[in-house]
1. Calculated FRET efficiency, B:V132 and B:N35, Cβ-Cβ r, R0 51 Å, to nearest 0.05?
2. Report ³J(HN,Hα) in whole Hz for each residue of region B:134-139, in order, from the Karplus equation J = 6.51 cos²θ - 1.76 cosθ + 1.60 where θ = phi - 60°; Gly and Pro get x.
3. Rounded to the nearest percent, how much of the accessible area of region A:1-137 (1.4 Å probe, protein heavy atoms only) is carbon and sulfur?
4. With a 1.4 Å probe, how much accessible area is buried between chains B and A, both sides summed, in Å² to the nearest hundred?
5. Return the tail of the calculated pair distribution for region A:124-179, meaning the percent of Cα-Cα pairs more than 13 Å apart.
6. Run the numbers for B:L144 and B:A63: contour at 0.36 nm per residue of separation, minus the present Cα-Cα distance, in nm.
7. If exposed trypsin sites (Lys or Arg not before Pro) are those in a DSSP loop with at most 16 other Cβ within 10 Å, what is the longest stretch of chain A that has none?
8. Between A:A32 and A:R175, what FRET efficiency comes out of the Förster formula 1/(1 + (r/R0)^6) with R0 = 30 Å and r the beta carbon distance, rounded to 0.05?
Amino acid sequence: MRSAGRIGAIALVAGLLVLLVVHIATAQRGAAVAAAVSAGKKPAAPDFDLDRIGRDDRLKLSSLRGRVVVLNFWASWCQACKDEARTVEAAARRWQRRGVVFLGVDSQDFTSDARAFARRFGLTYESVHDGSGSVMTRYGVTGLPETWTLDRRGRLVDHIPGVTDARRLDRAIERARRS
Amino acid sequence: MITRLLALAALALVLATPALGAGGGLERRESQLENRVMCPTCHQLLALSHSPIAERMRAFIRAQLATGKSEAQIERELVAQFGPGVLAEPPAHGFGLLAWLVPAAGLAAAAGAVFMVARAWRRRAPADTDDVSPELLRRIERELVALDD
């Protein structure tokens, strides 16, 4: 009886420890991705499968393998995202003709607000909805907006935390095309 | 004339009471919901947060309550938008059930451990008195007698 109680207590503590480790590991994996790209490495982009905004289907990031992808994390309530929206849209219009895919990741936001934002800024590129912010966490996004660039093999080659500008975006895309 | 005015005032009061009650009810329900929902960006109760998305969620809740939706319906819509983490209390089913069971199991385990330790101490106590040698007992006796003198 006593040993059963002891085994139960040990199992409980072990279970709690496992949950704690999983929680810490998930939070740190995102930070590690950003650190790796800063160090010049090319880690695989964390895959995701999210609802498309304004459509009834979903989009899986890995389905875009073979093309350079610009991932822009944004939200309609974020002032800095409004400040850069037209810059990103202009870059998308320039680069989409050359096969580069721009994909917005609307984070921790109402989809209705996201649709209104896209209309207001005339966004022609697609966005997906990351309402819970779980994809943000996996990319180590700490503030909005943030922009990641993926090469054709689905590897992260560039990270722009904060508001971007046209030259910085162009440089990131050129780098991804050469990678 | 005065009687007529008093009757009109009484009628106005009777008519206004349900409207006042409904307004107060909406505010109370809004406040209750704000204490059951988390701000997704700052991870605080919505009632305590002033982040941009918290303000937006507050407006959403107000608008939905005004259209006659129930708290449960509004919570479901918020979960559809922001995931189950938006609820301050995890649901008592599926994976969320763990959040209810683990603390209860922890408390039960702690209570069991306290009980077992207390029982072990109680069992050990008489054994300790047996360990006192006759020589020590005689010495204690002598010293107590000396103290009395």
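The values are calculated or read from the model by the stated rules, or taken from the named source; none is laboratory data. Bear in mind that the values here come from a model prediction, so they are computed numbers and not experimental data. Positions of Cβ are generated from backbone atoms using ideal geometry, with glycine treated the same way; all protein chains shown enter the neighbour counts. The area values use the complete protein model at the heavy-atom level, side chains included, leaving out ligands, DNA and RNA. Shrake-Rupley method; radii C 1.70, N 1.55, O 1.52, S 1.80 Å.
1. Efficiency, rounded to the nearest 0.05: 0.25.
2. x, 4, 5, 4, 4, 5
3. Within region A:1-137, the accessible surface is 57 percent carbon and sulfur.
4. Interface between B and A: roughly 1400 Å².
5. Every Cα pair in region A:124-179 considered, those over 13 Å come to 66 percent.
6. This chain segment gains 20.8 nm when fully extended.
7. The answer is A:99-151.
8. That pair, A:R175 with A:A32, gives E of 0.90.
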